[in-house]
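Working notes, beginning with the structure itself.
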Amino acid sequence: MITFKIKRYNPEKQAEPYFEEFQLGETDDLTLLDCLNQIKWTLDGSLTYRMSCRSAICGSCAVKANGHAILACQKQASQLVKDNDTITLEPLGNMKPIKDLAVDFKPFWDKVDKVNPYLQSSKKPPEKETKQSPEQFKLIDDASTCIMCGACYSDCNVLEVDDNFLGPAALAKAQRFVQDSRDGETLARVKELSKPGGIWDCTHCGECVERCPKPAEPFDRIKEIMTVALEQGVTNNNGARHALSFTKSVKSSGSLNENIIPVESVGFFNVKGLFDLLPVGLRMLFKGKNPPILHKSIDDVEDVKRIYMELSE
Amino acid sequence: MKFALFTGCVAKGATRELMLSTMKSAEGLGIEFVEMKSASCCGAGVVSEKNPLLADALNARTIAIAEEQGLDLVTICSTCQGILKKTECHVDSDPAYKEKVNTVLEEGGHQYAGGKVKIQHFANVLGTEEGLTLLRDKVKRPLTGLKTAAFYGCYVLRPSGLSLYEDPDNPTGMEEIFKILGATPVYYESRTKCCGFPIIMMNKDASHDMAGNALIDAIDSGADCVVTGCPLCHLSLDAYQPEIDKMNKKGCSIPILHLPQLVALALGYSPQELGMDKHIISTTRLDKILA
Ligand code: SF4
Ligand code: SF4
Ligand code: FES
């Protein structure tokens, strides 16, 4: 017997959401989605959720189970039970609930639209197809598997505090075009994606990789865009400056010089940015917490320098 | 127990009290750490933004050094831990890539073999049966009455495939350690979340908001202090707490401890010996509880 503790919400009847419990006896071999269907068909026809394919293809059925986003049709209910044989179900996070487990995906789709999710090329279309080598295909293969389920968007730690962030799914979609050999707008794309709300606002929490039911794994795609942006010389922003300064620091001493990175990241000529660093810098100085002024190199730093040279860095 | 200690950069820089308390914990527990003085920075997932192969080469070199020492590698930073595990995974899962990385290392006299040494966070070592027994034997001053909120740090949990915790969505390793030290763990939702540090230079408000939400969650759950296994989390939650406090209507103030500080306190060391006077948020309010 499994108890499903489901967050119910129907603004037409009651302003505040509440939890309601349902019990099912025979749940062996049932997916979580099968269970939701059982509840709807036999216990409460008003329970609202999205579904279609039942086989982890359409991306409709993502919900939060025990606090984390999953595809309801991809997991056995028995694998999800927690203490007291209970599964807690809530709508996806970072989007407004409409009714019960259904949320409003509009901001999600708007952000996908924002990255121009189609090939852009000024070249005349070829007579036949444009061939892709296996290597070229491999670069965009992972991102292409995204089924737009929103699981990543739901659990992204930045979106919890900043609506302006494009978010994992849209950025994974962006990578699919940034690295597509047939696209002609790479530079324009990475410039746009380097603005506030773009790639450099990702906080490395890894939630999107953890929740993604496909190989799309957005955080890894975001890092691929970062590498392209730096290759393309789009470096006039704190994120890019930070990456360059960090990499340079490790080259010169084998370790990070924490005194330099913040200053180089905000930029030497950014008076306001530098001013913002003052309070924390002074505070640490007073406590004797500031990193040593004379930054010490690791032993055998020469080998690290050699590796940099060998890789043309 | 004897390990190769990968200190990471921050324990040598802005959070030197982490290094201090790690060595005191080791001393008190009779663990021998051999510091890896020629190991480079792990790149913190930032060097790989510039050049993924460079980051993997540097980290494969580090792991190779531990292999040469014949010692399992211990990290004291969640980020270092996750990043070294990522390199291990990249290199082990692709023989051609491994050869490429080893070609880069060759001239320096290092070769990455793989599968020879374990890469573990200090918390993972203490969390083994052997580690817990050792702790149980050596606790001199049980931290009775102290309510401690674990803050794990993203990189030791996600991706879960590389995590050493049994259930990375609901880890209990740090809390198990707290219990043996005599403290009372506080379970709160934010303990597995991000501290916001990686974007502190790019999106300060979002970064501080993340940290603030976690701190308030810990405070509302009744914690006396937050304990972290990651010096970057420590910087975000401690060094920037005055900014966070100002941003929040309710305000927030709570001491942040490094895990080895908590361990060493229970082993009988004084807060001064563990650099706790170096924190931005004073830890003196804990003295009363522990008195
Ligand atoms: S890794 Fe970045 S994009 Fe992915 S969930 Fe975390 S902050 Fe969001
Ligand atoms: S990236 Fe993964 S989790 Fe995000 S929408 Fe696509 S398939 Fe879903
Ligand atoms: S119903 Fe289509 S993905 Fe679950």
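Structure data summary
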{"quantity": "Within segment A:292-311, considering residues that are more than 9 Å from chain B (Cβ to nearest Cβ) and at pLDDT 80 or above, the one farthest from the chain's Cα centre (by Cα)", "calculated": "A:SER297"}
{"quantity": "Identity of the residue in segment B:166-183, at negative phi and in contact (Cβ under 8 Å) with a residue 40 or more places away in the chain, that ends up farthest from the other protein chains (Cβ to nearest Cβ)", "calculated": "B:LEU181"}
{"quantity": "Residue pairs meeting the criteria (Cβ under 7 Å; at least 6 apart or on separate chains; first in the same structural domain as A:SER121 (by TED's automatic domain parsing), in segment A:163-185; second open to solvent by less than 10 Å² (accessible area, probe 1.4 Å) and away from ligand 1 (no atom under 16 Å from the Cβ))", "calculated": "A:ARG176/A:ILE140; A:VAL178/A:VAL190; A:GLN179/A:ILE140; A:ASP180/A:ILE140"}
{"quantity": "Conditions (1) within 14 Å of another protein chain (Cβ to nearest Cβ); (2) open to solvent by 20 Å² or more (accessible area, probe 1.4 Å); (3) not polar (S, T, N, Q); number of the one not met by A:TRP200", "calculated": "(2)"}
{"quantity": "Which numbered condition A:LYS289 misses (of (1) at the interface with another protein chain (Cβ under 7 Å from one of its Cβ atoms); (2) open to solvent by less than 10 Å² (accessible area, probe 1.4 Å); (3) touching a residue at least 12 places away in the same chain (Cβ under 8 Å))", "calculated": "(3)"}
{"quantity": "Top-ranked residue of segment A:59-70 - restricted to ones that are closer than 18 Å to A:ALA169 by Cβ and in contact with a Leu (Cβ under 8 Å, 6 or more places away or on another chain), ranked as most open to solvent (accessible area, probe 1.4 Å)", "calculated": "A:LYS64"}
{"quantity": "Scope segment A:41-58; condition closer than 17 Å to A:GLN76 by Cα and touching a Leu at 6+ places or on another chain (Cβ under 9 Å); matching residues", "calculated": "A:MET51, A:ARG54, A:ALA56"}
{"quantity": "Cross-chain or 6+ apart pairs with Cβ under 7 Å, segment A:30-55 first and over 19 Å from A:PRO17 (Cα atoms) and more than 14 Å from chain B (Cβ to nearest Cβ), then within 16 Å of ligand 2 (Cβ to nearest atom) and assigned to a helix (DSSP H, G or I)", "calculated": "A:MET51/A:LEU33; A:ARG54/A:LEU33"}
{"quantity": "Some residue of segment A:189-198 being within 12 Å of ligand 1 (Cβ to nearest atom) and of a type in the set (Gly, Ala, Ser)", "calculated": "yes"}
{"quantity": "Residue in segment A:104-116 that is within 14 Å of another protein chain (Cβ to nearest Cβ), more than 16 Å from ligand 3 (Cβ to nearest atom) and either under 30 Å from A:VAL161 (Cβ atoms) or open to solvent by less than 60 Å² (accessible area, probe 1.4 Å) (or both) present", "calculated": "no"}
{"quantity": "Spans of helices (runs of 4 or more DSSP H) in segment A:120-195 with at least 2 residues within 16 Å of ligand 3 (Cβ to nearest atom)", "calculated": "A:151-155"}
{"quantity": "Odd one out for A:SER252, checked against (1) at the interface with chain B (Cβ under 9 Å from one of its Cβ atoms); (2) part of a helix (DSSP H, G or I); (3) among the small types (Gly, Ala, Ser)", "calculated": "(1)"}
{"quantity": "Filter pass, A:LYS82 being away from ligand 3 (no atom under 16 Å from the Cβ), surrounded by fewer than 18 Cβ atoms within 10 Å (Cβ to Cβ), under 30 Å from A:PHE22 (Cβ atoms) and within 14 Å of another protein chain (Cβ to nearest Cβ)", "calculated": "yes"}
{"quantity": "Top-ranked residue of segment B:135-165 - restricted to ones that are open to solvent by 50 Å² or more (accessible area, probe 1.4 Å) and within 26 Å of A:CYS208 (Cα to Cα), ranked as farthest from the other protein chains (Cβ to nearest Cβ)", "calculated": "B:LEU164"}
{"quantity": "Residue in segment A:208-219 that is nearest to ligand 1 (Cβ to nearest atom), counting only those that are surrounded by fewer than 24 Cβ atoms within 10 Å (Cβ to Cβ) and under 9 Å from the mean Cα position of the chain (by Cα)", "calculated": "A:VAL209"}
{"quantity": "Candidate set: segment B:261-281, residues that are open to solvent by 10 Å² or more (accessible area, probe 1.4 Å) and of a type outside the set (A, V, I, L, M); chosen: the one farthest from A:PRO279 (Cα to Cα)", "calculated": "B:GLY268"}
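The values are calculated or read from the model by the stated rules, or taken from the named source; none is laboratory data. The structure presented is a predicted model; accordingly, all values stated were derived computationally and were not measured. Here Cβ is always computed from backbone atoms with ideal geometry, including for glycine, and neighbour counts include all displayed protein chains. Heavy atoms of the whole protein, side chains included, go into the accessibility calculation; ligands, DNA and RNA do not. Shrake-Rupley method; radii C 1.70, N 1.55, O 1.52, S 1.80 Å.
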